[in-house]
1. Of everything in the range 496-514 that's outside any loop (DSSP other than H, G, I, E, B) and over 19 Å from Glu337 (Cα atoms), which residue is modelled with the lowest pLDDT?
2. Taking Thr300 as the residue in question, decide whether it is among the polar types (S, T, N, Q), touching a residue at least 12 places away in the same chain (Cβ under 8 Å) and touching a strand residue (DSSP E or B) at 6+ places or on another chain (Cβ under 7 Å).
3. Looking at the range 269-287, is at least one residue open to solvent by less than 60 Å² (accessible area, probe 1.4 Å), of a type in the set (A, V, I, L, M), touching a helix residue (DSSP H, G or I) at 6+ places or on another chain (Cβ under 9 Å) and more than 30 Å from Leu377 (Cα to Cα)?
4. Those residues that are within 20 Å of Pro408 (Cα to Cα) and not hydrophobic (A, V, I, L, M, F, W, C), I need them from the range 490-520; list them, please.
5. Can you tell me how many residues in the range 429-469 are open to solvent by less than 20 Å² (accessible area, probe 1.4 Å) and either among the charged types (D, E, K, R) or assigned to a helix (DSSP H, G or I) (or both)?
6. Kindly provide the set of residues from the range 128-144 that are of a type in the set (A, V, I, L, M, F, W, C) and part of a loop (DSSP other than H, G, I, E, B), ordered by number.
7. Evaluate the range 146-164: report whether one residue or more is open to solvent by 10 Å² or more (accessible area, probe 1.4 Å) and in a helix (DSSP H, G or I).
Amino acid sequence: MTSSSSSPQIGKLIRDAREQRGLSIAELATKLRTEPATLQEVENGSMALSMEAIDRIARALESDFSAGEQEVFAPQPMQTTKPAAMHLTIEGGRRLRGAIDCRSSKNAAVALLCASLLNRGRTVLRKIAKIEEVNRICEVLISIGYRITWINETDLELIRPAELDLAAMDVNAARRTRSIIMFFAPLMHSYPEFFLPYAGGCDLGARTIEPHLQVLRHFGLDVVATEGFYHCRAADVHAPKRAVILTERGDTVTENAIMAAAMVPGPVTIRNASPNYMVQDLCFFLQRLGVQIDGIGTTTLVVRGVRDIDVDVEYFPSEDPIEAMSLITAAIVTKSELTIQRAPIEFLEIELAILEEMGLDFSITEEYMADNGRTRLVDITVRPSQLKAPIDKIHPLPFPGLNIDNLPFFAVIAAEAEGQTLIHDWVYENRAIHLLDLAKIGANIQLLDPHRLIITGPTKWRGREVTCPPALRPGVCLLLAMLAAKGESVLRDVYVINRGYEDLPNRLNALGANVQVTTS
């Protein structure tokens, strides 16, 4: 009979013993004939070990390494406890009414949390949504030594330790968010070698990180994929000799490039940069830290970094245009009059132009300034309308085009419109397939290929029980359509929705919906 253990205490003892002997993870892993990433999981306490494996590690640490390599140890599968699943029961067919504020941007929040790694001072982020994506990044930061405190219901204080304990990183939390890839650039400024777990997040098909690696190689970061981890080496971090050209205008790629440039002597020119809302928020935040950035809101940025950042700073991330579009869609599908307050108009203008062509009746207030002092906001009132299908296909483009994350909501809206609408999601392989679940509650959808859908409306939505797809926006689309479906609907296992929306059921209920939360 073989017993096993996976306690963090055992992992810490192994790490301490290794460090006392002046060994790197790679050196000990070589002697044990295993991957450095596997040994790091052991030291994190997230992998169960047999007693025989523990004994082999102990013998390796006690030896002088002159007798040859040790036998490879055989860790047992990692034991995890699956949290209770959350389900939503929706009584559909109810009209919404009143007004609702857009909350701060999820994508900006995670970028700013990652950027706090650059700052040795106190960082306070105001009006941060308590969503699962934020929780995952906070869990990772806490595991490596951060002190994180909710000052009140919405303000988050982050205190970085003098030295991060990267070996203690919460691997489970890191693997549940794709945002972990935005640790690459901040960590390369402090550590010549480190490991990061593979990125997780939504199931949206093949999502390579190669564009990130291409960019960061210009700054001296070399990344090798090992089993379950990225092995990162940054022995010589430097400013690129010429302009950095992004091969794709991605948001997180641009954010990694900006954070890489933030602590090297500049100027660093970044071309084909995303000017999207979360990138702008990151730039505004870094400016508060003393980094000079020209060209914010354009595709060419010039960054003049600083070698050390030790600033006490507070920042208000801007409101979320994707949440604004979600709420606009809720009003459309339930044929309600609803006012969406604090909507960032710069990032909704194309969407509203398309909706106007489709016949949506809405009005917009005069612009006013967000709490960050930079983002322009409006209040949008949507009224019941008879929609018609657009003549042209609906497809996303990099900002200032239709936002890729807003495209799925047009599948629900198209199902309300008279006629046929072609939706072309050219970025992600799986998302169009996930939107087929709308057919289960009444939509007339034809999948042409993994990227294109034809939707014929109008739709008579009907209540059904459906399992939430493993992708945030398609999951929310199902919830919104269920608000209009006659009878009772059940949306099962909605963890993915909680990644991007804070307290959405109760906020919808305050507008007249009936959404009940259950667990199992």
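The values are calculated or read from the model by the stated rules, or taken from the named source; none is laboratory data. Computed from a predicted structure; not experimentally measured. Neighbour counts run over all protein chains shown; Cβ positions are idealised from the backbone, glycine included. Accessible surface areas use protein heavy atoms only, side chains included; no ligands, DNA or RNA. Shrake-Rupley method; radii C 1.70, N 1.55, O 1.52, S 1.80 Å.
1. In this case the residue turns out to be Asn498.
2. Spelling it out, Thr300 is indeed among the polar types (S, T, N, Q), touching a residue at least 12 places away in the same chain (Cβ under 8 Å) and touching a strand residue (DSSP E or B) at 6+ places or on another chain (Cβ under 7 Å).
3. Our first condition is that a residue be open to solvent by less than 60 Å² (accessible area, probe 1.4 Å); within the range 269-287, this holds for 269-270, 272-286.
Okay, now just the ones that are also of a type in the set (A, V, I, L, M), so 270, 273, 278-279, 282, 286.
Those still in the list that are touching a helix residue (DSSP H, G or I) at 6+ places or on another chain (Cβ under 9 Å) too: 270, 273, 278-279, 282, 286.
Among the residues that remain, those that are also more than 30 Å from Leu377 (Cα to Cα) are: none.
No - not one qualifying residue is present in the range 269-287.
4. Correct list: Arg492, Asp493, Tyr495, Asn498, Arg499, Gly500, Tyr501, Glu502, Pro505.
5. 5
6. Ile128, Ala129, Ile131, Ile144
7. Within the range 146-164, not a single residue is open to solvent by 10 Å² or more (accessible area, probe 1.4 Å) and in a helix (DSSP H, G or I).
Every residue, every condition in (1) touching a residue at least 24 places away in the same chain (Cβ under 8 Å); (2) within 30 Å of Tyr315 (Cα to Cα); (3) part of a loop (DSSP other than H, G, I, E, B); (4) touching a helix residue (DSSP H, G or I) at 6+ places or on another chain (Cβ under 9 Å), yes or no:
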{"residue": "Leu355", "(1), (2), (3), (4)": "yes, no, no, yes"}
{"residue": "Asn372", "(1), (2), (3), (4)": "yes, yes, yes, yes"}
{"residue": "Leu377", "(1), (2), (3), (4)": "yes, yes, no, yes"}
{"residue": "Leu402", "(1), (2), (3), (4)": "yes, yes, yes, yes"}
{"residue": "Ala411", "(1), (2), (3), (4)": "yes, no, no, yes"}
{"residue": "Val427", "(1), (2), (3), (4)": "yes, no, yes, yes"}
